[in-house]
1. When you go through R240, R234 one by one, which is the residue that is charged (D, E, K, R) and modelled with pLDDT of 95 or more?
2. Could you list all residues from region 266-298 that are aromatic (F, W, Y) and under 17 Å from A102 (Cβ atoms)?
3. Tell me yes or no: at least one residue of region 272-293 is in contact with a Lys or Arg (Cβ under 6 Å, 6 or more places away or on another chain) and either hydroxyl-bearing (S, T, Y) or not in a strand (DSSP E or B) (or both).
4. Mind checking whether some residue in region 200-218 is at pLDDT 95 or above, crowded, with 17+ Cβ neighbours inside 10 Å and either in a loop (DSSP other than H, G, I, E, B) or not small (G, A, S) (or both)?
5. Sort out which residues of region 1-53 are in contact with a Ser or Thr (Cβ under 6 Å, 6 or more places away or on another chain) and either modelled with pLDDT under 80 or assigned to a strand (DSSP E or B) (or both), and write them in order of number.
6. In the list L323, L350, L366, L356, which residue meets the criterion of being farther than 24 Å from K155 by Cβ and either among the aromatic types (F, W, Y) or free of Cβ contacts under 8 Å to residues at least 24 places away in the same chain (or both)?
7. Filter region 326-347 for residues that are over 18 Å from D312 (Cα atoms) and touching a residue at least 24 places away in the same chain (Cβ under 8 Å); which is surrounded by the fewest Cβ atoms within 10 Å (Cβ to Cβ)?
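The values are calculated or read from the model by the stated rules, or taken from the named source; none is laboratory data. Quantities reported herein were computed from a predicted structural model and do not represent experimental measurements. Because the Cβ atoms are built from the backbone with ideal geometry, glycine has one as well, and the counts that use them run over all protein chains shown.
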Amino acid sequence: MSQPTRPDTSDPVWKLPAVPDDEGNYRIPFEDLRGLVVKLLTTVDVPPEDAAIVAESLVLADARGMNSHGVLRLPVYLKRLREGGFKPTSAFDVVSETPGTALIDGGSGLGSVLTKRAMDLAIEKARTNGIGAVGIRNSNHNGEGAFYVQQAVAKDMIGIATTNGSPIMPVWGGKTPLTGPLPISIGVPTARHRPIVLDAALGMSSRGKILYYAEKGMELPDGWLVDAEGRPTRDPNWVRNGGWILPVGGHKGWGLILACEILSGILTGGAFGAELTNLYDDLDTPQRNGHFVIALNIAAFTDVASFKQRMDDYIDIMKASELAPGFEQIFMPGEIEFLKKERQIAEGILLGRKVLDEVIATAKELGVEIDAAS
């Protein structure tokens, strides 16, 4: 993944070319937006190389259309860095290690920095041992899982990543919040086609996406959320007021969420359930998130070129399926996001007015003036 150069912090005004559209959004060139994120993070003492990782993670999420995990999160990251909930320098202390595994204590550092380094280590172990698995404890919010599994894909490996999160969802059949709509991400390399990248929260939606709906003043689709009494609602503001997100597939989805919690929070010896702090609450308190990543070296199982060709053949078969009513094309997991990314890298990253306003206001608090004139 390319990394931006360190911005020139001597200029008190950051010029941000932002072109408005007819729907209250702005198109901002990828490099300009990424550079701004780096500038703001380094302003609160994040090392430039770590700021580059966080910026890449956030801006690429927006490029992929995953706005709930993009620059929308930057203001709260900056507030947590100022208040002490996030440490600007991310420790990467090895608690235990074998040839194929490692357990890392993150020292309340930046989740995206810690998870990227963990996947780098898993890939290194998989080169020798066929598989590498790394758990992280005492971390914080780490953004979109697709960012990490694509590290493995780029090395001709299969990547798997998950994380736990603050309790905003009860157990199946209960009302007491104990976990969240945790995500599972899987990346698989191909030859001719775009890679398979599944990145799915195991709730009907993620909290970030529901907050995005609330910011836009939009109603939710049916079946995503219930209010504080467990009654179906389309009002996204219930996610802040005691409501909870429903798991995909009912009790089956709940079981998968439980598996993610076990890998990320219990296997790592880290925090889980009510021990975790919500990203938007108690900004001076570390979240204590746990993460878990795996890299599978395809070469340990079969010839890499043959595997990638067989993946292409399999995708061709699926795309040749007879279409069901209402469908015009078969898309593979991650394909729509790749198409959005390609378009937005070329045309500019789409940010909502409210998101940009909050970034500008937060930057001003840090002594950085942003000129967002087109």
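1. R234
2. Hit for region 266-298 is F292, nothing else.
3. Yes: one or more hits.
4. Scanning region 200-218 turns up no residue that is at pLDDT 95 or above, crowded, with 17+ Cβ neighbours inside 10 Å and either in a loop (DSSP other than H, G, I, E, B) or not small (G, A, S) (or both).
5. V19
6. One residue alone meets the criteria, L323.
7. The qualifying residue surrounded by the fewest Cβ atoms within 10 Å (Cβ to Cβ) is E347.
Condition check ((1) touching a residue at least 24 places away in the same chain (Cβ under 8 Å); (2) in contact with a strand residue (DSSP E or B) (Cβ under 9 Å, 6 or more places away or on another chain)) across all residues:
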{"residue": "W238", "(1), (2)": "no, yes"}
{"residue": "G243", "(1), (2)": "no, yes"}
{"residue": "P247", "(1), (2)": "yes, yes"}
{"residue": "F272", "(1), (2)": "yes, yes"}
{"residue": "E275", "(1), (2)": "no, no"}
{"residue": "G290", "(1), (2)": "yes, yes"}
{"residue": "V293", "(1), (2)": "yes, yes"}
{"residue": "L296", "(1), (2)": "yes, yes"}
{"residue": "A299", "(1), (2)": "yes, yes"}
